[in-house]
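Some notes on the structure that comes next.
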Amino acid sequence: MHIASVLVRNTALLNPSIRPSSQTVRNVTKIASYCKPAGNRFLNGHNLYGTRNARICSYNQGYASVKKVQNVRHYSKKANQEEEETADIKDDPPLFSSQLPATVAVPEVWPQVPVIAINRNPVFPRFIKLIEISNPALIDLIRRKVKLNQPYVGIFLRKKEDEKSDVVSSLDDLHDVGVFAQIHEMQDMDYKLRLVVMAHRRIKITGQFIEDEIETGPAEMKLKFPVFNVEFNVTREESDAERRRRKYRNTRRQRNDTDAEQEKEVQDTKDAKKPPPDQLMMVKVENMMHEKFQQNEEVKALTQEIIKTIRDIINMNPLYRESLHHMLAQGQRVVDDPVYLADLGAALTAAEPKDLQPVLEEMDIPKRLLLSLSLLKKEYELSKLQQKIGKEVEEKVKQQHRKYILHEQLKVIKKELGLEKDDKDAIGEKFRERLADKVVPPAVQTVIDEELNKLNFLESHSSEFNVTRCYLDWLTSLPWGVSSEENLKLEDAQVILHEDHYGMEDIKTRILEFIAVSQLKGSTQGKILCFHGPPGVGKTSIARSIARALNRKYFRFSVGGMTDVAEIKGHRRTYVGAMPGKLVQCLKKTNTENPLVLIDEVDKISKGVHGDPSSALLELLDPEQNSNFLDHYLDVPVDLSRVLFICTANVLDLIPEPLRDRMELIEMSGYVAEEKLAIAQQYLIPTARKNCGLTEEQINITPEALHTLIKSYCRESGVRNLQKHIEKIARKVAYKLVKKETSSLSVTDENLSELVGKPTFKHDRMYDVTPPGVVMGLAWTAMGGSTLYIETAVRNTMQGEKQSGSLELTGHLGDVMKESARIALTVARNYLKDRQPTNDFLNTSHLHLHVPEGATPKDGPSAGVTIATALLSLALQRPANTLAMTGELTLTGRVLPVGGIKEKIIAAKRVGVTCVILPEDNRRDFDDLPSFIREGIDVHFVSVYDDVFKIVFDGKV
């Protein structure tokens, strides 16, 4: 009787207008007494998870879930029918509840259903599937259908598998044949719905449904329950309970009409929930009935073959056994139902959707059985192949395990008998322990394994054994996959760089940029930086500070004078005493893959009979190639892409062009007197005091003494010579303290010469006032900037010598400077002829041009303006104003830009020159200089030589 009451009540819930008679109730009660429980459903794991093994394990869980949902009772009548209906009006259930009425029977005809599109694994009748819906419009439609006690959907396979949406835009995107499914359980998570649906029958799409009255349901339909032999004609009529509900809702709505604005917002919300017109939400469907068939010999043979194939698959894969045994042990024999057996066979396979959809569409049962059997045969062949592969792998593992056990037994027997002559196993174990915590590349691991096997077969006293052991020692000592943790905090790096060095803002900014980029990328890639500048400006020491700021290991090697390419690329293992190159030694010493490597004096590398080391550096310093650096000794690729390379050089012209192209060049200029004073006070003096064991009370060097030391003893661009003099002073003071001649000493201008000797530079410059024919120029050298005088004079001629003019050059000038002198003579002759046509001094005189300090080589394209001015000063017999100049001339008199502006300005300030002539194109270089360097300098920018002449001679010819 309980089943009958549930049937009657749920039938009424489908449409409140249905009023079954007492005779109908008695008939249903009688039929229900013969019915079996509705829990004979089982979960289609193939459609639930998509993979064969996972789907088989989920059958029992689905069965329990469906049985639980179907046995829930959700509605019951109270004693007073009127009170129940009033309670339904006042306390309406939630709009979207996950509790569904447990419908015992499903109507046979349902003409329109919501569409759920799936990508893979079509659902077969009498199988369950878990579906998640995220489309808002479809979610709203399902909720409304469930509220109207119409928990039915149509599930169709999408033609395009790559689409991810829950709905489609047109009927062309779906296969026509699908299944009619009932929602057994619904979990509402606001942003998506999770549905457990059971497919009941095949249906076919006949057209798109125009949603005029979705919430009211179909106006007229026929509900059939064939299992109970019951049929109802359903007509949509308003019952008394509905009329009371409608009256109550109208009254409540009238009460809220005063708030027009709120009603407008509700209407807008409803409009927003309406699905867009380009989405297919509901379709008209019709049931598809399979063709009548007879249990002839063909059908029986097909069913028996399907069952046999399923049993073979079960024997191949035991995962199927328990679940299929549970399904086949239910209330009916599967053999007696070929329709269900065909669907079961197709559902068990992991076939493609294009192969499963024809099974769903086929209405001829023998053909459907044949299609299902072909899919099962493919699955059986796949299971056989899987079993074969599994056996091969298992056999291989057994052989390896057996070999390992025999080796271990042999090792123990040899040790017990004393037959072990060498300690090869201990050596091999030591090498394997080194690689335990490292990530060795496969190519390198293969070489190591081959060498270890080779080591076991060699005699310990042979030379080949020692070579192999040394080779393995190097291979296993390298830090494969080991990196030091980097410090990518800009604040910490900035503090460290400022603590160690004064100034160098360009270099510090470049390092901070490198850290910032590494922090954003999440990984660091090595760069190749080249610091070039005069000696003693801190090129080598800044590299150590960068390593400390980045928390990288530091390694330095100098290539100055290197002539053997094996120092970089390593020796071949065939040579006696062969070793890897410097980079492999660096990785072994630092034990990290990301050290900071300083290649010092890269401009002084040499070429010898053993190759060109500068060419070997091309692969090492190329960011595109050093990820697979090949050392001659190791003969395996080594990744150097994470190494930060820093090179140092004094002169860029000595570095080969291909090598220079692979590096990022950063110039480090010399220091002015103010910078040297700050460096000495902050770094040099404390370091010298600490190295000599002195305290601040025992030695005090006054700023005046430091200024004199810088001006009269240490005029070079760097501070290395200044450091030597300060250390010399510290040693003198320590000597006096030990001899107890004094307890403390203050170094001043008066006693400075007693400690460091006589001043090296007595005068600021050679000429206080330059005579005619002498002009001060500015030059850049490897030691920094310096002043350079150009001297010209007339050479007396011998009697009888021709009076045509000539030019003699002295001072160890290079080819470039000799060409500049000839060009300057031509420009000066033409300029003098234009201004004084009668003056032929430069054409007829024998001129001698000399640059002092003749033993020092001098070459460079920056003395043309100075030479031309000296020649004109000699021809006019007029001294030039007190100034210095630099620039190169063309034959037409244009002034070309030059380099080294900072060093040249520093040299001019050092000798007390306040007026400087620079080319117009170097204005930008001068503006980039710090303000304390530009202070006190009057700079004139010129573009043609006429501007130079006017400045030097005040415009007078």
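The values are calculated or read from the model by the stated rules, or taken from the named source; none is laboratory data. Values in this document were obtained by computation on a predicted structure and should not be read as measured data. Cβ: placed from backbone, ideal geometry, glycine included. Neighbour counts: every protein chain shown. Just the protein is used for accessible areas: all its heavy atoms, side chains included, with ligands, DNA and RNA removed. Shrake-Rupley method; radii C 1.70, N 1.55, O 1.52, S 1.80 Å.
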Please work out if Lys728 is closer than 27 Å to His501 by Cα and surrounded by fewer than 16 Cβ atoms within 10 Å (Cβ to Cβ). yes
Filter segment 676-699 for residues that are farther than 15 Å from Ser743 by Cβ and of a type in the set (A, V, I, L, M); the one that is most open to solvent (accessible area, probe 1.4 Å) is Leu677
Out of (1) in contact with an Asp or Glu (Cβ under 8 Å, 6 or more places away or on another chain); (2) within 22 Å of Glu675 (Cα to Cα), the one Gly481 does not meet is (2)
Reported set for segment 114-157 where residues are part of a strand (DSSP E or B), of a type outside the set (Val, Ile, Thr) and under 37 Å from the mean Cα position of the chain (by Cα) is Glu132
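Given the structure, is Gln585 polar (S, T, N, Q), more than 18 Å from Lys553 (Cα to Cα) and open to solvent by 20 Å² or more (accessible area, probe 1.4 Å)?
Considered against the rule, which asks whether it is polar (S, T, N, Q), more than 18 Å from Lys553 (Cα to Cα) and open to solvent by 20 Å² or more (accessible area, probe 1.4 Å), Gln585 comes out as no.
Could you please find all residues in segment 828-846 being touching a helix residue (DSSP H, G or I) at 6+ places or on another chain (Cβ under 9 Å) and open to solvent by 10 Å² or more (accessible area, probe 1.4 Å)?
Step one: filter segment 828-846 for residues touching a helix residue (DSSP H, G or I) at 6+ places or on another chain (Cβ under 9 Å), giving 828-829, 831-833, 835-836, 839-843, 845.
The answer is Arg829, Tyr831, Lys833, Arg835, Gln836, Asn839, Asp840, Phe841, Asn843, Ser845.
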Of the residues in segment 866-899, those that are within 16 Å of Met776 (Cβ to Cβ) and of a type outside the set (S, T, N, Q) number 14
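Provide a single number: the residues in segment 592-613 that are closer than 29 Å to Val482 by Cα and not charged (D, E, K, R). Outline the logic, then answer.
Of the residues in segment 592-613, the ones closer than 29 Å to Val482 by Cα are 592-600, 602, 613.
Subset that is not charged (D, E, K, R): 592, 594-599, 602, 613.
Summing the residues that are closer than 29 Å to Val482 by Cα and not charged (D, E, K, R) in segment 592-613 gives 9.
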So is Ala884 open to solvent by less than 10 Å² (accessible area, probe 1.4 Å), modelled with pLDDT under 85 and either under 23 Å from Glu716 (Cα atoms) or hydroxyl-bearing (Ser, Thr, Tyr) (or both) or not?
no
Taking segment 439-457 and keeping residues touching a residue at least 24 places away in the same chain (Cβ under 8 Å) and surrounded by fewer than 14 Cβ atoms within 10 Å (Cβ to Cβ) leaves Val439, Ala443, Asn456
Taking first residues from segment 936-951 that are in contact (Cβ under 8 Å) with a residue 12 or more places away in the chain and closer than 18 Å to Ile901 by Cα and second residues anywhere that are part of a helix (DSSP H, G or I) and polar (S, T, N, Q), the pairs with Cβ under 8 Å that are 6 or more apart or on different chains are Phe941/Asn922; Val948/Thr869
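Please tell me if Tyr191 is modelled with pLDDT of 80 or more, aromatic (Phe, Trp, Tyr) and open to solvent by 40 Å² or more (accessible area, probe 1.4 Å). Don't jump to the end; show me each part of the working.
Working: modelled with pLDDT of 80 or more: yes; aromatic (Phe, Trp, Tyr): yes; open to solvent by 40 Å² or more (accessible area, probe 1.4 Å): yes.
Answer is yes for this residue.
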Flagged in segment 570-618 as within 21 Å of Asp635 (Cβ to Cβ) and touching a strand residue (DSSP E or B) at 6+ places or on another chain (Cβ under 8 Å), in numbering order, are Lys582, Leu583, Val584, Cys586, Leu587, Lys589, Leu617
So Tyr380, is it among the hydroxyl-bearing types (Ser, Thr, Tyr), open to solvent by 90 Å² or more (accessible area, probe 1.4 Å) and part of a helix (DSSP H, G or I): no
- Task: State whether one or more residues within segment 633-642 are closer than 21 Å to Lys553 by Cα and open to solvent by less than 20 Å² (accessible area, probe 1.4 Å).
- Result: yes
Filtering segment 807-823 for residues that are in contact with a His (Cβ under 6 Å, 6 or more places away or on another chain), loosely packed, with under 14 Cβ neighbours inside 10 Å and not charged (D, E, K, R) leaves a count of 1
Expected output for segment 122-150 (first residue more than 19 Å from Met282 (Cα to Cα) and aromatic (Phe, Trp, Tyr), partner open to solvent by less than 10 Å² (accessible area, probe 1.4 Å) and in a helix (DSSP H, G or I), Cβ below 7 Å, 6+ apart or cross-chain) is Phe124/Asp343; Phe124/Ala346; Phe124/Ala347; Phe124/Leu360; Phe127/Asn47; Phe127/Ala347
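Give segment 603-652 a look and list any residue that's among the small types (Gly, Ala, Ser) and within 17 Å of Ala443 (Cα to Cα), or say none. Step through it out loud before you land on a result.
As a first pass, look at segment 603-652 and keep what is among the small types (Gly, Ala, Ser): 606, 608, 611, 614-616, 627, 641, 649.
If the condition is that a residue be among the small types (Gly, Ala, Ser) and within 17 Å of Ala443 (Cα to Cα), then Ser627 is the only one that fits.
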* Asked: at pLDDT 90 or above and surrounded by fewer than 18 Cβ atoms within 10 Å (Cβ to Cβ): does that describe Gln723?
  -> no
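Counting only residues that are of a type in the set (Val, Ile, Thr) and under 13 Å from Cys647 (Cα atoms), which one in segment 580-629 is nearest to the chain's Cα centre (by Cα)?
Pass one, segment 580-629, residues of a type in the set (Val, Ile, Thr): 584, 590, 592, 597, 599, 602, 605, 609.
Now restrict to residues that are under 13 Å from Cys647 (Cα atoms): 597, 599, 602, 605.
Values: Val597: 24, Ile599: 28, Val602: 32, Ile605: 37 Å.
Ranking the qualifying residues of segment 580-629, first place goes to Val597.
Regarding Glu485, is this residue out of contact with any Leu (no Cβ under 7 Å at 6 or more places or on another chain), of a type in the set (D, E, K, R) and touching a residue at least 60 places away in the same chain (Cβ under 8 Å)? Quick ask: steps written out before the conclusion?
On the way: out of contact with any Leu (no Cβ under 7 Å at 6 or more places or on another chain): yes; of a type in the set (D, E, K, R): yes; touching a residue at least 60 places away in the same chain (Cβ under 8 Å): yes.
Spelling it out, Glu485 is indeed out of contact with any Leu (no Cβ under 7 Å at 6 or more places or on another chain), of a type in the set (D, E, K, R) and touching a residue at least 60 places away in the same chain (Cβ under 8 Å).
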Taking segment 458-495 and keeping only residues that are open to solvent by 30 Å² or more (accessible area, probe 1.4 Å), of a type in the set (A, V, I, L, M) and not in a helix (DSSP H, G or I), one is left with Leu458, Val482, Leu488
The condition from (1) surrounded by fewer than 22 Cβ atoms within 10 Å (Cβ to Cβ); (2) farther than 24 Å from Glu791 by Cβ; (3) at pLDDT below 90 that Val957 misses is numbered (2)
Counting only residues that are under 19 Å from Phe514 (Cα atoms) and part of a helix (DSSP H, G or I), segment 541-571 contains a total of 10
Within segment 639-657, the residues that are under 15 Å from Pro535 (Cβ atoms) and at pLDDT below 90 are Asn650, Val651, Leu652, Leu654
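Are any of the residues in segment 913-927 polar (S, T, N, Q) and under 48 Å from the mean Cα position of the chain (by Cα)? Talk me through it step by step, then tell me what you get.
At the first step, the residues of segment 913-927 found to be polar (S, T, N, Q) are 914, 922.
Narrowing further to those that are under 48 Å from the mean Cα position of the chain (by Cα): 922.
Yes, that holds for at least one residue.
Consider Ser523 carefully, then state whether it is part of a loop (DSSP other than H, G, I, E, B), free of Cβ contacts under 8 Å to residues at least 24 places away in the same chain, of a type outside the set (D, E, K, R) and loosely packed, with under 15 Cβ neighbours inside 10 Å. Can you show your working first?
Details: part of a loop (DSSP other than H, G, I, E, B): yes; free of Cβ contacts under 8 Å to residues at least 24 places away in the same chain: yes; of a type outside the set (D, E, K, R): yes; loosely packed, with under 15 Cβ neighbours inside 10 Å: yes.
Here the answer is yes, as Ser523 does meet what is asked.
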Within segment 887-918, residues part of a loop (DSSP other than H, G, I, E, B) and either among the β-branched types (Val, Ile, Thr) or modelled with pLDDT under 90 (or both) come out as Thr890, Thr892, Val898, Gly899, Gly900, Val911, Gly912, Val913, Thr914
